[in-house]
Amino acid sequence: MAQQNFQPRPQDKFTFGLWTVANRGRDPFGDAVRDTLAPVEAVKLLAEVGAYGVNFHDNDLVPIDATPSERDTIVREFKKACDESGLNVPMATVNLFYDPVFRDGAFTANDPAVRAYAVQKTMQAMDLGAECGAKIFVLWGGREGVETEACRRPDEAIKRLREALNYLCEYALDKGYDYKFALEAKPNEPRADIYMPTTGAYLAFIATLDHPEIVGVNPEVAHEQMSGLNMTHAVAQAWEAGKLFHLDLNDQVPGRYDQDLRFGSANPKAAFFLVKFLEDVGYEGARHFDAHAYRTEDYQGVKDFARGCMRTYLILKEKARQWNEDADIQALLAEMNEERNELPRFKPYAKDGAAALRSYHFDRAALAAKGLQYEKLDQLTIDILLGVR
Ligand code: GLT
Ligand code: MN
Ligand code: MN
């Protein structure tokens with residue numbers, strides 16, 4: 001049965017960053033269009049629209065120059081607001097991109113003092129997240145990149161990133177924090193070229209760490225689509241590797257600036273296959289929306305935006321259920337995947353089997369002759385998405 005009116009429920013695990021609903025619509029060409037939304041107010045807004053949780057960067061919550069006592073007061077009030085609104089904090093992260101100190105990068109900056117400061121700031125952000133109950137710690141290296149390759153060798157940057165990650169894993173283990181790190185890739189923006197531009201790059205990097213078991217990825221729809229890549233494929237690879245610790249849902253038209261659009265608003269078909277994948281495999285992590293409302297909106301529009309993200313997810317989840325139960329679609333899939341037992345296989349490897357396969361004569365023309373009916377299958381998908389089926 002379709003979830004009633006596509007209303008979010010806690011078990012949907014819909015979360016938003018403080019920075020998403022409190023985004024004031026600033027862009028490189030124009031100033032803020034919405035008033036500041038204090039963290040406590042953002043929590044209330046998220047509770048009102050039916051979110052399950054709220055995530056934050058250290059400085060979304062605690063200003064970078066706050067004194068220890070100011071920090072404690074802010075955290076106390078925030079936690080109280082979360083408790084009263086029934087909101088969880090599943091994830092925390094650290095802002096290593098806004099302050100000018102990070103203009104040359106954070107963990108990869110040339111200045112060792114900046115690198116040390118970045119590690120210190122991250123440890124403090126981990127403490128803050130743990131205090132609020134976060135179990136996932138996202139790292140997005142927005143400034144870890146270059147405008148000119150002249151400034152450092154890129155392999156040196158990778159070594160620095162590894163050193164920092166190894167250190168932070170030790171810190172998490174030492175403190176007994178129950179954290180899993182989720183590394184978030186992006187190809188560019190704000191740097192011309194960011195190191196670790198894809199989820200796949202991070203997956204390869206993670207295998208080189210001292211504690212790969214507590215490090216995974218946080219793929220983002222927009223970051224994959226900015227460079228024309230396929231989010232569902234990135235997510236699938238992470239999932240298959242046991243590394244899908246978190247994900248950022250939003251939307252993006254390939255080849256444009258960083259849009260962070262409402263989930264499913266630009267590429268509903270791609271969003272459908274992503275939701276279908278997550279639901280089919282039984283992903284149990286948070287469905288986190290890392291997006292923001294159009295610059296044309298006031299806070300009523302921000303609520304419309306947040307509700308829209310969740311509603312679209314739930315509609316697509318219902319469409320996925322319909323797709324899986326569609327008799328014509330299932331018949332087509334069964335026909336396509338029919339096993340032809342008379343043909344040889346290559347698994348498992350054995351000397352005899354390999355020799356037999358090596359010399360078998362395949363009828364290539366026969367294998368290529370039959371139409372696969374993907375046109376029909378895709379149109380059935382479109383019929384479901386457009387609501388005529
Ligand atoms: C920033 C970025 C996002 C990251 C956030 C986490 S901050 O808004 O655009 O993709 O997920 O640092
Ligand atoms: Mn993101
Ligand atoms: Mn983004």
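Since every read-out is calculated from the coordinates, none of them should be taken as a lab result. In this text, all values refer to a predicted model and were calculated from it rather than measured experimentally. Every residue, glycine among them, receives a Cβ derived from its backbone with ideal geometry; neighbour counts consider all protein chains shown.
Observations
- A Förster distance of 51 Å, applied to the separation of the beta-carbon atoms of Ser359 and Asp155, puts the FRET efficiency at 0.70.
- The order of the peptides 196-208, 340-352, 77-89, 145-157 by mean Cβ neighbours within 10 Å, most packed first, is 196-208, 77-89, 145-157, 340-352.
- A Förster radius of 22 Å combined with the Cβ-Cβ distance from Leu343 to Ala204 puts the calculated FRET efficiency at roughly 0.05.
- Glu131 paired with Tyr374, simple spin-label distance in nm, labels 7 Å along Cα-to-beta-carbon: 5.3
- Inverse of mean 1/r across different Cα pairs in region 103-160, Kirkwood, Å: 12.5
- The calculated FRET efficiency for Asp65 paired with Glu189, based on their beta-carbon distance and R0 = 25 Å, is about 0.40.
- Alpha-carbon radius of gyration plus Dmax, which is the widest Cα pair, for the chain in Å: 23.3, 78
- Once Rg and the Kirkwood radius are both taken over the C-alpha atoms of region 235-389, their ratio Rg/Rh works out to 1.11.
- Amide H contacts of Asp248 (H built 1.01 Å from N, under 5 Å, at least 5 apart or other chain): Glu220, Val221
- Under 29 Å from Lys80, Cα to Cα: lysines that are on another chain or at least 8 residues apart: Lys13, Lys44, Lys121, Lys135, Lys175, Lys180, Lys303
- Hull volume per residue, based on the alpha-carbon atoms of region 116-228 and their convex hull, is 106 Å³.
- Backbone amide hydrogens, once placed in the peptide plane, bring Gly216 within less than 5 Å of Phe181, Ala182, Leu183, excluding anything fewer than 5 places away on its chain.
- In this structure the amide hydrogen of Arg287, modeled in the peptide plane, comes within under 5 Å of the amide hydrogens of Phe14, Thr15, none closer than 5 places in sequence on its chain.
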